[in-house]
Amino acid sequence: MIGHWTDKRTLGVAELRPTGVAMTRLRTVVVLVGAATTAFAIVVLAYYVERNTTCHAGFEPRLLAALFLPVSLVGLLETRRRSRIAGGTALLLGVLGLAELAYLDFTGRMLQYERWVGRGMVCAADDVRRSSP
């Protein structure tokens, strides 16, 4: 055994394979990196929405679901394995990101430009900004 890797000799060729402990740590690191990326995307999107006064964007905010959904699914799977804290964190952040996208789309606070025009160019952020002190 070399560290957390086992040395398997197959037909005279050395082949290193990770043990269960190394794979669990690797999975945990991958899940936490996905959760950190998701948290960063949530914060950047919230900042962009707060600073944007037009309620539309040149990019499609719904495309971020391609990040949030897999992180949620991996987090769900990982909560059933050994690293429950990492999995729970990823699941929570993924669901929070999906909820943020649903909120932005439902309220019209941030839409892709063509969809915004199709909905009559209404800006819900104007109502929110007018009602706040």
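The values are calculated or read from the model by the stated rules, or taken from the named source; none is laboratory data. Quick caveat: nothing in here was measured; it's all calculated off a predicted structure. Every residue, glycine among them, receives a Cβ derived from its backbone with ideal geometry; neighbour counts consider all protein chains shown.
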Worksheet item: Only one residue in Ala86, Ala125, Ala102 is in a helix (DSSP H, G or I), touching a Ser or Thr at 6+ places or on another chain (Cβ under 6 Å) and either at pLDDT below 85 or among the aliphatic types (A, V, I, L, M) (or both), so which one is that?
Response: Ala86
Fill in: Residue count for the range 68-93, restricted to those that are surrounded by fewer than 17 Cβ atoms within 10 Å (Cβ to Cβ), of a type in the set (A, V, I, L, M, F, W, C) and in contact (Cβ under 8 Å) with a residue 24 or more places away in the chain
1
Practice prompt. Go through (1) of a type outside the set (S, T, N, Q); (2) under 21 Å from Val31 (Cα atoms); (3) assigned to a helix (DSSP H, G or I) one by one and return the number of the condition Arg81 breaks.
Written response: (3)
Worksheet item: Does Leu64 meet the test of being surrounded by fewer than 17 Cβ atoms within 10 Å (Cβ to Cβ), in a helix (DSSP H, G or I) and modelled with pLDDT under 95?
Response: no
Fill in: Boolean, Val21 is assigned to a helix (DSSP H, G or I), more than 13 Å from Gly94 (Cβ to Cβ), touching a residue at least 12 places away in the same chain (Cβ under 8 Å) and touching a His at 6+ places or on another chain (Cβ under 7 Å)
yes
Discussion item. Given the criteria within 16 Å of Ala46 (Cβ to Cβ) and not in a helix (DSSP H, G or I), does Phe59 qualify?
Written reply: yes
